[in-house]
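Rule-based calculations on the coordinates, nothing more; no lab input. Owing to the predicted nature of the structure, the values given are computational and were not obtained by experimental measurement. Glycine gets a Cβ as well: all are built from the backbone with ideal geometry, and neighbour counts include every protein chain shown.
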Amino acid sequence: DAGVTQSPTHLIKTRGQQVTLRCSPKSGHDTVSWYQQALGQGPQFIFQYYEEEERQRGNFPDRFSGHQFPNYSSELNVNALLLGDSALYLCASRGTGTGSYEQYFGPGTRLTVT
Amino acid sequence: AQSVSQHNHHVILSEAASLELGCNYSYGGTVNLFWYVQYPGQHLQLLLKYFSGDPLVKGIKGFEAEFIKSKFSFNLRKPSVQWSDTAEYFCAVKLPNNNDMRFGAGTRLTVKP
């Protein structure tokens with residue numbers, strides 16, 4: 001049983017460019033959340049997707065957008081990249097039927113903006 | 001501002017020493033509490049969680065945490081650490097009916113053999 005997978009592992013972009021990160025949830029999970037983890041910090045909630053819609057959003061600008069596909073996989077898009085967007089981007093999945101709210105995290109995508 | 005605070009940035013212990021990592025939060029009302037661990041080069045993994053009931057919760061690998069509502073605390077403990085416990089530990093809080101999970105900044109634990 002594959003856990004949460006993310007691609008790519010590492011990415012280097014230039015300021016002003018756009019980037020798309022991808023996530024496949026754990027088998028049986030239908031809810032995907034995205035987090036940004038800056039160096040030396042804990043993960044910060046970006047948004048959550050369920051039934052192909054953004055269910056909740058954290059304190060991130062509109063440059064951060066996402067999408068969920070019918071197979072529950074998800075994409076995180078960041079436009080007009082800033083140096084401060086350099087971070088590890090984590091995807092986490094869970095099943096809505098689970099009352100314990102246990103999220104499973106992926107390995108992350110390390111984004112470097114130069 | 002509402003937050004999750006982890007008091008220790010880096011803790012260094014020798015094997016067999018006892019561990020206690022502090023976590024305080026500033027959210028009022030009912031909260032769900034979690035401790036996650038990130039071993040070097042690995043994903044974040046859930047160590048334990050508290051939703052309700054017995055405030056002393058036991059997790060994997062001999063870890064436990066105690067929820068003290070009056071102190072807004074959820075400290076992580078282990079009686080005797082091992083070298084393999086070297087990792088980054090994150091405390092997290094989730095409000096009921098809210099999908100946003102708030103994490104502390106993390107505590108790096110180094111266990112010397």
Original post:
What are the ³J(HN,Hα) values, in whole Hz, obtained from phi via the Karplus relation 6.51 cos²θ - 1.76 cosθ + 1.60 with θ = phi - 60°, for each residue of the stretch A:2-12 in sequence order, with x given for Gly and Pro?
Top reply: 6, x, 6, 10, 9, 9, x, 6, 9, 8, 10
Subject >> Long-range Cα-Cα pairs in the protein assembly as shown (distance over 30 Å), rounded percent >> reply: 25 percent
**OP:** Sequence neighbours fewer than 8 away in the same chain don't count; with that in mind, list the aspartates and glutamates whose C-alpha is under 17 Å from B:Lys61.
**Re:** B:Glu15, B:Glu20, B:Asp85, B:Glu88
Subject >> Anchor B:Lys58: lysines whose Cα lies under 27 Å away (excluding residues fewer than 8 positions away in-chain) >> reply: A:Lys26, B:Lys49, B:Lys69, B:Lys71, B:Lys78, B:Lys94, B:Lys112
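Taking each pair of different alpha-carbon atoms in the stretch A:62-114 once, compute 1/r for the pair, average those values, and report the inverse of that mean as the Kirkwood hydrodynamic radius in Å to one decimal.
Working: mean 1/r = 0.0770 Å⁻¹.
With all distinct Cα pairs of the stretch A:62-114 included, I get 13.0 Å.
Given a cut-off of 18 Å, what percent of all Cα-Cα pairs of chain B lie beyond it? Provide the component values of the computation, followed by the final result.
Details: 2889 of 6328 pairs.
Value for chain B: 46 percent of Cα pairs lie more than 18 Å apart.
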Original post:
Most mobile of B:Lys61, B:Lys49, B:Lys78 per a Gaussian network model of chain B (Cα springs, under 10 Å)?
Top reply: B:Lys61
**OP:** For chain A, evaluate the Debye formula with one uniform point scatterer on each Cα (no solvent term) and list log10 I(q)/I(0) at q = 0.10, 0.13, 0.21, 0.23 Å⁻¹, rounded to two decimals.
**Re:** -0.26, -0.44, -1.14, -1.34
Subject >> Number of partner chain Cβ atoms within 10 Å, mean per residue of B:44-50 >> reply: 3
Original post:
Of the residues A:Ser33, A:Ser65, A:Ser73, which exhibits the maximal mean-square fluctuation in a Gaussian network model of chain A defined by a 10 Å Cα contact cut-off?
Top reply: A:Ser65
Original post:
Averaged across the residues of A:85-92, what count of C-beta atoms belonging to other chains lies within 10 Å of each residue's C-beta?
Top reply: 1
**OP:** Could you work out the mean count of beta carbons from other protein chains within 10 Å of each residue's beta carbon in B:100-107?
**Re:** 6
